[in-house]
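J.: Would you mind keeping the following structure in view while I ask a few things?
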């Protein structure tokens with residue numbers, strides 16, 4: 001084994017270097033966006049100012065003054081938070097029943113739930129717009145919350161289900177013997193035991209809600225418009241204004257990327273759907 | 001309350017909500033796909049509101065099938081999804097193997113690597129198509145220009161000048177053209193989803209049997225054969241998961257297509273529906289039904305093959 005260890009010493013160094021290069025390459029577009037957001041629009045397209053320029057906060061100040069960034073951000077936070085809470089409120093009982101009292105059809109129901117996510121949203125966009133407008137729900141936060149909750153519900157239930165399955169049935173049964181009712185079971189046994197899983201499910205759901213850009217763009221105009229709508233409105237013909245564009249983009253993705261950094265371990269666990277240990 | 005009835009009661013809210021979410025719009029789409037229904041028509045104002053008297057039978061379906069964009073859109077959808085799946089799995093495995101062993105700063109590299117996954121798809125598209133891939137103002141344009149400048153400078157150099165005189169000027173690629181915009185979409189989505197594949201494969205690699213590997217080293221197995229016969233089979237299940245979850249997300253890819261290929265021929269099925277829906281709701285609905293059928297074929301295939309193994 002000594003020979004192996006020796007011969008790989010140089011290999012280890014080059015491996016580490018290579019890994020760093022790959023990591024930096026993947027991060028580069030984000031770095032570039034943040035860097036450009038501190039350039040003026042004129043500097044942003046000048047090759048001589050690629051890396052050397054006088055940083056400015058102009059773009060950010062502009063953004064909060066002219067675009068009402070905080071209103072969009074506030075809508076994003078409100079809709080994502082409430083959609084996540086409701087998805088958990090509906091998802092936890094469902095996943096609980098499926099994990100601890102599986103019936104014959106449980107697997108099929110789970111599969112069916114996941115398959116609803118494959119339906120192309122564009123196919124039902126027009127009926128949805130028609131319905132929501134006639135119900136007076138168009139461009140309301142309530143509608144966005146409900147839609148975000150529904151599109152993420154299948155993933156939420158799947159993730160919770162895989163976490164709950166890990167909990168030994170005996171623990172739940174012991175609770176039943178002690179005469180604890182179902183609500184008590186969920187509150188005092190299930191939730192504490194699966195807390196880590198519930199938190200990572202919630203985080204992932206929150207991230208997906210935040211990044212959703214199909215319904216949030218098409219079912220809103222102003223009142224319920226989220227950050228993805230702000231990006232939508234800022235992209236096309238103004239392509240030359242890279243500085244401004246970068247600032248808006250950075251402000252839209254920044255919070256969620258930082259959140260992701262802190263919770264990456266939990267997120268990965270959840271995303272494997274319990275099939276990878 | 002009996003122990004059997006309660007579980008069913010607990011899952012009803014979720015099931016009913018998803019049923020409504022799926023059935024109500026879908027049945028409306030189905031209805032619209034059989035009638036003549038347009039948003040604006042000066043000559044036939046009666047077509048502008050949905051009504052059974054405008055029944056068209058399979059006319060909308062015929063119209064869509066005969067539309068030259070339709071097959072192209074299906075083909076494009078499949079090419080884009082399959083390329084992304086292929087690339088993310090390959091890159092995912094390579095990078096996961098690369099960073100599987102401890103090295104200085106591994107934690108930071110992991111954080112750098114996962115970041116693209118959290119970027120909003122719309123921002124991803126805007127960022128890549130404008131600031132990186134743009135042939136003039138983007139990094140691509142700047143890089144190509146500076147390479148050309150360097151070569152121009154070298155042409156007058158004493159000895160090697162003759163050699164560089166043979167070099168052509170490099171032309172930057174425009175990623176907004178019909179043929180290339182699909183590539184741009186593939187690049188940006190691969191960038192966003194490779195981190196996801198890396199993290200899943202890495203989690204799986206950490207549970208690989210180390211003793212088996214050491215035994216293989218003692219037996220004189222090469223690195224390649226160890227990868228081929230030990231690591232790759234171990235990754236079977238995670239690959240299945242990566243493929244399934246990505247297929248779910250990429251079949252309905254929209255924001256990237258819309259931002260990159262607005263107005264050119266690079267359409268996928270969701271985008272084509274959006275285009276029809278600008279006026280011809282009947283045709284848009286019929287295309288939607290085709291898209292639902294396509295999604296169902298993929299779903300049955302994937303969920304039967306992959307999903308069941310996840311449940312065990």
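J.: When a footprinting reagent is the concern and you count Cβ atoms within 10 Å, what order do B:222, B:43 take, fewest first?
T.: Numbers: B:222 10, B:43 5.
The fewest-first ordering by Cβ neighbours comes to B:43, B:222.
J.: Helix A:141-165 versus the longest principal axis of chain A: what angle, 0 to 90°, nearest 10, using Cα atoms?
T.: 60 degrees
J.: Still on this model: Is the range B:45-174 best put as rounded, prolate or oblate by its Cα gyration tensor, with a ≥ b ≥ c the root eigenvalues, rounded for a/c under 1.5, and otherwise prolate when a/b is larger than b/c, oblate when not? Working shown, then result.
T.: Values: a/c = 2.92, a/b = 1.60, b/c = 1.82.
Oblate is the answer for the range B:45-174, as a/c is 1.5 or above yet b/c matches or exceeds a/b.
J.: Please compute the modelled spin-label separation between residue A:169 and residue A:259, points set 7 Å along Cα→Cβ, answer in nm with one decimal.
T.: It is 3.7 nm.
J.: Hey, how many Å between the Cα centroid of the range A:133-203 and the Cα centroid of the range B:263-305?
T.: 32 Å
J.: Then there's this: Cut-off is 10 Å between beta-carbons; in what order do B:159, A:45 appear when sorted fewest neighbours first? Provide the component values of the computation, followed by the final result.
T.: Values: B:159 6, A:45 20.
Result, fewest neighbours first: B:159, A:45.
J.: Highest GNM mean-square fluctuation, chain B, Cα pairs closer than 10 Å: which of B:20, B:257, B:200?
T.: B:20
J.: Another one. Going by how many other Cβ atoms sit within 10 Å of their own, how do B:262, A:10 line up, fewest first?
T.: Values: B:262 13, A:10 9.
Ranked by crowding around the Cβ, least crowded first: A:10, B:262.
J.: Sticking with this structure for a sec: Principal axis extents for the protein assembly as shown, Cα atoms only, whole Å, descending order, please.
T.: Extents along the principal axes, in whole Å: 92, 79, 48.
J.: Averaged over A:9-20, how many beta carbons belonging to a partner chain fall within 10 Å of each residue's beta carbon?
T.: Numbers: counts 0, 0, 2, 4, 2, 0, 6, 9, 1, 4, 13, 8.
Averaged over the peptide's residues, the number is 4.
J.: What is the helix-to-structure angle for A:9-36, meaning the angle in degrees between its Cα long axis and the longest Cα principal axis of chain A, kept from 0 to 90 and rounded to the nearest 10?
T.: 70 degrees
J.: Next up: Taking Cα atoms, how many degrees apart are the long axis of helix A:106-116 and the longest axis of chain A, rounded to 10 and kept between 0 and 90?
T.: Taking the Cα atoms of chain A, the angle to A:106-116 is about 20 degrees.
J.: Using a Gaussian network model of chain A whose springs link C-alpha atoms within less than 10 Å, name the residue from A:155, A:189, A:198 with the highest mean-square fluctuation.
T.: Checking each option, the largest mean-square fluctuation is seen for A:189.
No value in this document is a laboratory result; all are computed from the given coordinates. Keep in mind that this is a model prediction, so the values were computed, not measured. Backbone-built Cβ (ideal geometry, glycine too); neighbour counts: all protein chains shown.
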